[in-house]
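Heads up, the thing below is written out as structure tokens.
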Amino acid sequence: MSSYVQATAAVALIALLVAVASSIGLGVLSDRLRRVPLAFTATLVMTGAALLFLVAGGSVPLWWLGGLFGLGYGGYFSVDWALAVDSLPSIRTAGRDLGLWNLSGAVGGMIAPALGGGIVGVAAAAGHTETGYQVVFAAAALAFLAAAAAVLGVREDRASGPAGTAGDPAA
């Protein structure tokens, strides 16, 4: 096994472990605070990790960048799920609405590797593999920034409290 494969696996494991902890911690925190600012901040953390990788290159340890990305990733997804549930127009159509919401993320997750692979492939064919990866990370940072801006447009129902407790029999 090459050292690149081992390094990639180690960074991915670090990102995953930090994401699990972040997901639990920020998920609990989002039950007490407004979700939109938490989702926005978590998305900015992912943006920061992508931008640091882009501009700092090898001067920042990859394990640190993986951990930073995992912090934002885990936090974003737990808070985003909670925000999606809070935003449901009706509990009667929750399955359909959450299915469509999940599909919007899944389609992007299917397209991104193909698009990124194409960018790196074209750059590599031109003898500029590093530039291809830089373009991919720049595109990721832009996508994260767009997501952060989009989440700011989600309105939370402040009348029901910060955790969306309207109609919750446990509240």
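Every listed requirement among (1) within 23 Å of Q134 (Cα to Cα); (2) surrounded by 18 or more Cβ atoms within 10 Å (Cβ to Cβ); (3) within 13 Å of the chain's Cα centre (by Cα) is met by G48 save one, (2). Screening T93 with (1) assigned to a helix (DSSP H, G or I); (2) loosely packed, with under 12 Cβ neighbours inside 10 Å; (3) at pLDDT 90 or above; (4) of a type outside the set (A, V, I, L, M, F, W, C) gives one miss only, at (2). For region 31-54, indicate whether the set of residues that are at pLDDT 90 or above, of a type in the set (F, W, Y) and out of contact with any helix residue (DSSP H, G or I) (no Cβ under 7 Å at 6 or more places or on another chain) is non-empty. Among the residues of region 31-54, not one is at pLDDT 90 or above, of a type in the set (F, W, Y) and out of contact with any helix residue (DSSP H, G or I) (no Cβ under 7 Å at 6 or more places or on another chain), which makes the answer no. Just one residue in the set L33, L51 is on the phi < 0 side of the Ramachandran plot, of a type outside the set (V, I, T) and part of a helix (DSSP H, G or I); that residue is L51. Among the residues of region 104-154, just one is closer than 25 Å to R34 by Cβ, without any contact (Cβ under 8 Å) to a residue 40 or more places away in the chain and in a loop (DSSP other than H, G, I, E, B), namely G153.
The values are calculated or read from the model by the stated rules, or taken from the named source; none is laboratory data. Please read these numbers as outputs of a predicted model, since none were measured by experiment. In this analysis, Cβ positions are derived from the backbone assuming ideal geometry, glycine residues included, and neighbour counts consider all displayed protein chains.
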